[in-house]
Amino acid sequence: MTTPGDSGARETWPLWEVFIRSSRGLSHVHAGSLHAPDETMAVRNARDLYTRRAEGVSIWVVRASDITTSDPDAKGEFFESPQGKEFRHASYYSESESVPHL
Amino acid sequence: MTTAKTTTAETAVEQAEFDRLIESDSRVEPRDWMPEAYRKTLIRQISQHAHSEIIGMQPEGNWITRAPSLKRKAILMAKVQDEAGHGLYLYSAAQTLGIDRETMFEQLITGAAKYSSIFNYTTPTWADMGSIGWLVDGAAICNQVPLCRASYGPYGRAMTRICKEESFHQRQGFEILLELMRGTPAQRAMAQESVNRWYAPALMMFGPPDDDSPNSKQSMAWNIKRFSNDDLRQRFIDMLVPQAEVLGVTLPDPELKWNEARGHYDFGPLNWDEFYEVLAGRGQANAQRVAKRKKAHDDGAWVREAARAYADARMEERLAS
Amino acid sequence: MNHSNHVKSTAITAESIADSSVVASDAVARYALGLGDDALVLAHRLGEWITNAPELEEDVALGNIGLDLLGHARSLLTYAGTAWDRSEDDLAYFRDESEFRSRQLFELPNGDFAQTIARQLVSSTYFVELYRALSLSRDATLAAIAAKAFKEVSYHLDHSTQWLQRLGLGTEYSRERMQSGLTVVWPFVAELFSADPAADALDAVGFDGIAVGVESLRPAFDALVPRLIVAAGLTVPELPAARGGGRVGIHSEALGPMLAEMQVLARAHPGATW
């Protein structure tokens, strides 16, 4: 299953997804996509396109067609298991709510 | 999406899930099932929006080489460059709906896809850089801010990024006009003359009156569009009047008057015949705009092909080693 | 949260120079003027690419490079103007062709994308060496402008190097275009490294001075550019050098029309502010 937006064969340059770390201590976050002939130019185009206002300190690019996604048609089954397991969350434990430092 | 699966019963389930997302004001994401009409509407709207950014570079790009100060030259370069960036963000968003940029480009060149008619007007004076920023970008922002909450996730995210960057565009335009209005009589006349030309076309950017806007209702039902054309136009006019007072320019509408009862400004009729004429290709620069875009794309073909050939050769080398 | 979108930065700008009380001497101003003109003329040329680039991503890339150079020009011209009580705009818009001190390479028409890349390759290499040396200038303002510019032009060199490779090793057609782009710009290389009277009037950086003797930068250029050209499958042109003379106001036929366009509006409204 490829990523949405995979440009297929019609375009001269393939599509790349861009991830930006906005400052130290934060994760890279998806910023958008762009076209570039190869990974070297993709990271440069990403610098020009997505960090013109100092939005980033680090950039990842990945070819859109290289991304594997979970199957959207099976999202019901795929993400059902955590439903009903509220005991995984602290908010489930109401008896201890008023106890300090818990 | 596997076509074999889309039996009527399953479509009904998918449709119900889609309806639930829209009703709860949640977001639709690229791989979700969506009605074909929703997908088509989005492709039409997002690509039209992207084309507007790209074609919109031209009337301003026209002044980069003649900007009257180095500061203005830098600002204008940054602004026109931003528009290329905004076009790219939007092409990316449209691409998640299963259309590639090359196809969208072809639709622009053949006229199958539209772009905002406003960019078919020409920019004979420097003051037009001010009017475009203040009036055209101002109207665009009014239109765009609600789109940050559009139901289609990638569109909303692109718009959020664009709106953040766009606020400088309107301010720089306003300041161009402000500087002109504080200047010599010739500069003041240049500013007023330009505002006279851009005012009505900017108001028409919100689209025809609600009664004549067939697509609006469905777009609002799908949470793509949040406010009607007329509501947005009124909101824009209400904002413009006090700004025009700060500038000291006259808005060219003798019927423009505060209506206490409505709590809004009343305004005179707009020339929708002109709007439809420009839309139909009889604007000042329709043919030139598209021809210039096509030329840049055609002239660049050998560069894009060279870079592709280089990348392919490197890939083969890597696989061979 | 520490937000990364700085509006105010500490980078030196034309505004920060104009707002400071720093005043250049006449000799330093004459030197800064030549450097400022180089950057201005090339920035203007790159501005001509916007809306015409081979791909939208490249419109943005060339725009960024042009904006960097325009920033250098504004700082240098503002600083030069402090000596004569003239603004960056007085200098940019109200001098005639013969008063411009830019080297001729920068005013060359853009040509096609390959020719622009050839001009960028040569320009960026020159700027990298120039600003690296100038960042050690005893003149604090020149040193600060150069330190910022050095980082930016290093990226410009990377950009042109990447494209040199892709065009040189891409298709047969792109190789031809790249080779012919190099042929157009090559005669103007020598002038970049020829004497600058304004620099010669100042002590050289290497001797705790102010200006960079560009003759000393040629070996670094020769060590890098021919190697890059050959690595891209191309030939280093062997052509006689153009006569040059930009630093004393002698220009090719390309500068006059460029300035006529650039200055037309400002000159129609003398004394106006924008």
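Separation of the stretch C:227-241 and the stretch A:18-64, taken as the distance between their Cα centroids, equals 33 angstrom. Dividing the C-alpha radius of gyration of the stretch C:145-220 by 2.2 N^0.38 Å, with N its residue count, gives 1.45.
As a ratio to 2.2 N^0.38 Å, the alpha-carbon radius of gyration for the stretch B:166-255 is 1.31. Taken about its Cα centre, chain B carries a charge dipole of roughly 880 debye when the Cβ of each Lys and Arg holds +1 and the Cβ of each Asp and Glu holds -1. Once the Cβ-Cβ distance between B:Glu23 and A:Ser94 is put in as r, and R0 is 35 Å, what FRET efficiency do you end up with, to the nearest 0.05? Step by step, r from the Cβ atoms, then E = 0.65.
Here the accessible area is traced with a 1.4 Å probe on the protein chains. For the protein assembly as shown, carbon and sulfur cover 55 percent of it.
Sort the stretch A:15-85 into rounded, prolate or oblate with this rule: let a ≥ b ≥ c be the square roots of the eigenvalues of the Cα gyration tensor; rounded if a/c is under 1.5, and if a/c is not under 1.5, prolate when a/b is larger than b/c, oblate otherwise. Verdict is oblate for the stretch A:15-85. Backbone N atoms of the stretch C:209-251 closer than 20 Å to the 7 Å Cα→Cβ label point of C:Ser154 belong to residues C:212, C:217-225, C:228. Using a 1.4 Å probe over protein heavy atoms, the accessible area lost on pairing B with C, summed over both chains, comes to approximately 4000 Å². Rounded to the nearest 0.05, the FRET efficiency derived from the C-beta distance between C:Thr13 and B:Arg182 at R0 = 22 Å is 0.40.
Using a 1.4 Å probe and counting only protein heavy atoms, how much accessible surface gets buried when A and B come together, both sides summed, in Å² to the nearest 100?
Buried surface at the A/B interface: approximately 2500 Å².
Annotation: for a label point projected 7 angstrom from Cα along Cα→Cβ of A:Gln83, residues of the stretch B:5-40 with backbone N closer than 16 Å are B:13-21. The modelled label-to-label distance for the pair B:Asp312/A:Leu26, using points 7 Å beyond Cα in the direction of Cβ, is 4.0 nm. Rounded to the nearest 20 debye, the dipole magnitude of the protein assembly as shown is 480 debye, with +1 charges on Lys and Arg beta carbons, -1 on Asp and Glu beta carbons, and the Cα centre as origin. A full extension of the chain between B:Ala12 and B:Ala189 corresponds to an added length of 57.5 nm, given 0.36 nm per residue minus the alpha carbon distance. Averaged over its residues, the protein assembly as shown has an accessible area of 43 Å² per residue, based on protein heavy atoms and a 1.4 Å probe. Listed values for the stretch C:92-109 are Karplus-derived 3J(HN,Hα) couplings in whole Hz (6.51 cos²θ - 1.76 cosθ + 1.60, θ = phi - 60°), namely 6, 9, 10, 10, 8, 3, 5, 8, 6, 10, 6, 5, 5, 3, 5, 8, 3, x, and x replaces Gly and Pro. Projecting the Cα atoms of A:Gly84, A:His28, A:Ala64 onto the charge dipole of chain A, computed from C-beta unit charges around the Cα centre, puts A:His28 farthest toward the positive end. With distances taken between every two different alpha-carbon atoms, the stretch C:13-56 has a Kirkwood hydrodynamic radius of 12.9 Å.
Remark on the protein assembly as shown: ratio of C-alpha radius of gyration to 2.2 N^0.38 Å is 1.05. Roughly how much accessible area, to the nearest 100 Å², goes out of reach of solvent when A and C pair up, both sides summed, probe 1.4 Å? Using a 1.4 Å probe, the pair buries roughly 1500 Å².
The Cα center of the stretch B:20-40 and the Cα center of the stretch B:79-96 differ in position by 22 Å. Burial annotation for the stretch B:91-117: residues with an accessible-area loss of at least 30 Å² between the isolated chain and the complete set of protein chains, computed on heavy atoms with a 1.4 Å probe, are B:Ser92, B:Gln95, B:Asp100, B:Arg101, B:Glu102. Note on the stretch C:23-268: Kirkwood radius taken over Cα pairs, Stokes-Einstein applied at 25 °C and 0.890 mPa s, translational D equal to 136 µm² s⁻¹. Hydrodynamic analysis of the stretch B:219-295 uses the Kirkwood radius over alpha carbon pairs. Inserted into Stokes-Einstein at 37 °C and 0.692 mPa s, it gives a translational diffusion coefficient of 210 µm²/s. Here's the picture: charge each Lys and Arg Cβ at +1 and each Asp and Glu Cβ at -1 in chain B, and of B:Val28, B:Ala307, B:Ser151 the one pushed furthest to the positive end of that dipole is B:Ala307.
Selection among C:Trp49, C:Ile12, C:Gln104 by position relative to the dipole of the stretch C:1-152 gives C:Ile12 as farthest towards the positive end (Cβ unit charges, Cα centre).
Structural descriptor for the stretch B:49-198: relative contact order 25 percent, calculated from alpha carbon pairs under 8 angstrom and at least 6 residues apart. Here chain A is treated with +1 on each Lys and Arg Cβ and -1 on each Asp and Glu Cβ, and its dipole about the Cα centre works out to around 580 debye. Looking at the stretch B:168-321, the pairs of alpha carbons with a distance over 26 Å make up 53% of the total.
Once you sort the root eigenvalues of the Cα gyration tensor of chain B as a ≥ b ≥ c, which label holds: rounded (a/c under 1.5), prolate (a/b larger than b/c) or oblate (the other case)? Since a/c reaches 1.5 but b/c is at least a/b, the shape of chain B is classed as oblate. Taking the centroid of alpha carbons for each part, the stretch C:175-193 and the stretch B:278-321 are 25 Å apart. Label positions at B:Glu277 and C:Glu215, each projected 7 Å from the Cα along the C-beta direction, are separated by 6.8 nm.
The values are calculated or read from the model by the stated rules, or taken from the named source; none is laboratory data. On a predicted model such as this, the values are computed, not experimentally measured, just so you know. Reconstructed Cβ throughout: ideal geometry from the backbone, glycine too, with neighbour counts over all protein chains shown. The accessibility values were calculated without ligands, DNA or RNA, using every heavy atom of the protein model including side chains. Shrake-Rupley method; radii C 1.70, N 1.55, O 1.52, S 1.80 Å.
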